[in-house]
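Below is one structure, written out as structure tokens, with a few remarks after it.
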Amino acid sequence: MNAKSLRHTALTLHATIGILAGLLLIIISSTGAAIVFHHEIDHFLNPNLWVVSPQPSTATIDQAIATTQAAHPGQSIQSIQFPKNPDQALVITLETPQGQHLQTFIDPYT
């Protein structure tokens, strides 16, 4: 094997490894970005769940919790995400007896 053939083999191997490593980094970066921005992606894909029409008065948090518990009996409340803007829904996360999580979107004005 002469030097020219060895150089060609080394360059081909280097290019192949570089392309495979680049593809792996693209996959890792894409999935990482999806994890980091999952709330923004969810808002974009499901805008009808997050947006409400602002009204003059809001319901109390106790009323929202009672409504949620009446609609989903036997499930415990894990978290409550309060709206950041007047046109956003209140999000209550429940845990089912099987350990699954369920998000409920409540209009804070009703």
Exercise for the section: Filter the chymotrypsin sites (Phe, Trp or Tyr not before Pro) in region 5-52 down to the DSSP loop ones having no more than 14 other Cβ atoms within 10 Å, then list what survives. Expected result: 37
Exercise for the section: Can you tell me the 0 to 90 degree angle between the C-alpha axis of helix 61-71 and the longest principal axis of the chain, rounded to 10? Expected result: 80
Problem - Rg in Å to one decimal, and Dmax rounded to a whole Å, for region 36-108 via C-alpha atoms - result: 12.8, 39
Exercise for the section: With the full set of protein chains in place, find how many percent of the accessible area of the chain is carbon and sulfur; take the probe as 1.4 Å. Expected result: 65
Problem - Ordering of 20-30, 58-68, 73-83 by packing [mean C-beta count within 10 Å, highest first] - result: 58-68, 73-83, 20-30
Exercise for the section: Report, to the nearest 10°, how far helix 3-36 tilts away from the longest principal axis of the Cα atoms in the chain, using its own Cα long axis and a range of 0 to 90°. Expected result: 0
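The values are calculated or read from the model by the stated rules, or taken from the named source; none is laboratory data. Because the structure is predicted, anything quoted here is derived from the model rather than measured. For neighbour counting, all protein chains shown are included, and Cβ atoms are generated from backbone atoms with ideal geometry for every residue, glycine included. All accessible areas refer to the heavy atoms of the entire protein, side chains included, with ligands and DNA or RNA removed. Shrake-Rupley method; radii C 1.70, N 1.55, O 1.52, S 1.80 Å.
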